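Visitor: Have a look at the structure that comes next, please.
The values are calculated or read from the model by the stated rules, or taken from the named source; none is laboratory data. The structure displayed is predicted, hence computed values, not measured ones. Here the Cβ positions follow ideal geometry from the backbone for every residue, glycine too, while neighbour counts run over all protein chains shown. Ligands, DNA and RNA are stripped out before the accessible areas are found, and what is left, the full protein with its side chains, is counted by its heavy atoms. Shrake-Rupley method; radii C 1.70, N 1.55, O 1.52, S 1.80 Å.
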Amino acid sequence: MQRIQTITAGLLLGIGFATTAHGDLLDDIRSEGTFTVGTEARFAPFEYIEDGEIVGYSADIMEHIMTELEGVELIRMDLPWQGILPGLERERFDYVITSVTATPERMQRYHLSAPIADATMAILKRAGEEDISTPEDIAGKVAAAQAGSAQLEALEALAAQLEEAGTPVADIRTYTGVDEAYAELGTGRVDVVINSLPNLLEAERTRPDVFEVVGTFGDPVYFSWAGRDDEESASLNAFMDEQIQRLNEDGTLNELQEKWFGGPMDLPLELPSAE
């Protein structure tokens with residue numbers, strides 16, 4: 001059984017923890033016996049805390065992958081989303097195991113893994129709000145999304161389209177974590193929250209008396225994990241892609257999607273081109 005350690009953001013304030021990239025990062029991980037990853041454990045059902053442990057869809061995927069890294073300990077650094085990709089670039093950890101929306105800009109800057117899940121954008125409203133039934137109905141409403149996220153970019157793009165049509169949104173508010181945005185929606189301080197469909201379906205499933213998913217908008221989008229796009233990380237990136245693709249092809253991802261999302265997702269083995 002693989003040992004798994006979690007380091008929270010609070011502990012990191014007193015720890016100068018960083019990885020050292022040599023000639024080959026995967027070889028270093030195997031020889032040193034530790035694989036340090038950054039994650040945001042506030043993104044149910046992908047990654048979240050339960051009874052003091054990080055659980056969820058991504059955690060289950062990693063259990064399968066770690067069997068291919070015998071003798072290696074997985075160290076998970078739990079950080080706010082806003083510190084995840086900058087931390088990767090500064091080599092504070094080896095890899096990102098959290099839900100990274102695959103945007104063209106990120107595909108150019110990082111090595112994004114093979115897709116792990118659908119990330120198509122959707123809208124969440126309060127249950128029973130009959131005046132919001134399409135994306136265009138957020139005109140005149142207060143909309144929310146997580147700061148620094150692809151979901152915020154999608155909301156801003158939709159708001160720009162509505163502005164051009166002469167029906168602007170009333171306001172856009174951002175929050176450090178999506179749970180804060182959900183809480184604000186529940187209390188009526190915002191009218192809608194923009195997030196990826198699987199996450200909003202989870203919010204609706206767990207609180208059907210409070211939340212309701214309106215529907216999706218925009219082009220199909222996928223969640224990936226992320227590595228540094230450099231020579232030292234190439235072997236680790238290839239290893240992670242191969243493992244995800246293996247689990248996609250043999251049906252393991254579909255089984256985990258049934259467990260965590262209530263149904264399978266039709267995922268390509270590779271991300272569509274960023275062009």
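Visitor: Among the residues of the stretch 174-182, are any surrounded by fewer than 21 Cβ atoms within 10 Å (Cβ to Cβ) and hydrophobic (A, V, I, L, M, F, W, C)?
Guide: No, the conditions are met nowhere in the stretch 174-182.
Visitor: Can you tell me which residue within the stretch 239-257, out of those that are in contact (Cβ under 8 Å) with a residue 24 or more places away in the chain and either touching a strand residue (DSSP E or B) at 6+ places or on another chain (Cβ under 6 Å) or not polar (S, T, N, Q) (or both), is farthest from ASP28 (Cα to Cα)?
Guide: LEU256
Visitor: Please state which of the following conditions PRO198 fails to meet, knowing it meets all the rest: (1) surrounded by 22 or more Cβ atoms within 10 Å (Cβ to Cβ); (2) closer than 27 Å to LEU74 by Cβ; (3) modelled with pLDDT of 95 or more.
Guide: In the conditions (1) surrounded by 22 or more Cβ atoms within 10 Å (Cβ to Cβ); (2) closer than 27 Å to LEU74 by Cβ; (3) modelled with pLDDT of 95 or more, PRO198 misses (3) alone.
Visitor: Taking the stretch 144-161, which residues are over 15 Å from GLY215 (Cα atoms) and of a type in the set (A, V, I, L, M)?
Guide: Scanning the stretch 144-161 gives ALA144, ALA145, ALA147, ALA150, LEU152, ALA157, ALA159, ALA160.
Visitor: With SER224, SER273 as the choices, which residue is under 30 Å from ALA160 (Cα atoms), assigned to a loop (DSSP other than H, G, I, E, B) and of a type in the set (S, T, N, Q)?
Guide: Exactly one residue qualifies, and that residue is SER273.
Visitor: Can you tell me which residues in the stretch 10-39 are at pLDDT 95 or above and assigned to a loop (DSSP other than H, G, I, E, B)?
Guide: ASP24, GLY33, listed by residue number.
Visitor: Starting from the stretch 55-68, keep only residues that are over 15 Å from THR98 (Cα atoms), then list their pairs with residues that are in a loop (DSSP other than H, G, I, E, B) and open to solvent by 10 Å² or more (accessible area, probe 1.4 Å) whose Cβ atoms are within a distance under 6 Å, requiring at least 6 positions of separation or different chains.
Guide: Here the result reads MET66/GLN2, each pair linking the stretch 55-68 to a residue that is in a loop (DSSP other than H, G, I, E, B) and open to solvent by 10 Å² or more (accessible area, probe 1.4 Å).
Visitor: If you don't mind, another one. Here are some conditions: (1) surrounded by 16 or more Cβ atoms within 10 Å (Cβ to Cβ); (2) part of a helix (DSSP H, G or I). TYR48 meets all but one. Which one does it not meet?
Guide: (2)
Visitor: Scan the helices (runs of 4 or more DSSP H) fully inside the stretch 72-167 and keep the ones with 2 or more residues being open to solvent by 10 Å² or more (accessible area, probe 1.4 Å) and more than 28 Å from GLU50 (Cβ to Cβ).
Guide: Counting at least 2 such residues, we get 104-109, 150-164.
Visitor: Based on what the data block shows, is THR39 under 13 Å from the mean Cα position of the chain (by Cα) and surrounded by fewer than 23 Cβ atoms within 10 Å (Cβ to Cβ)?
Guide: no
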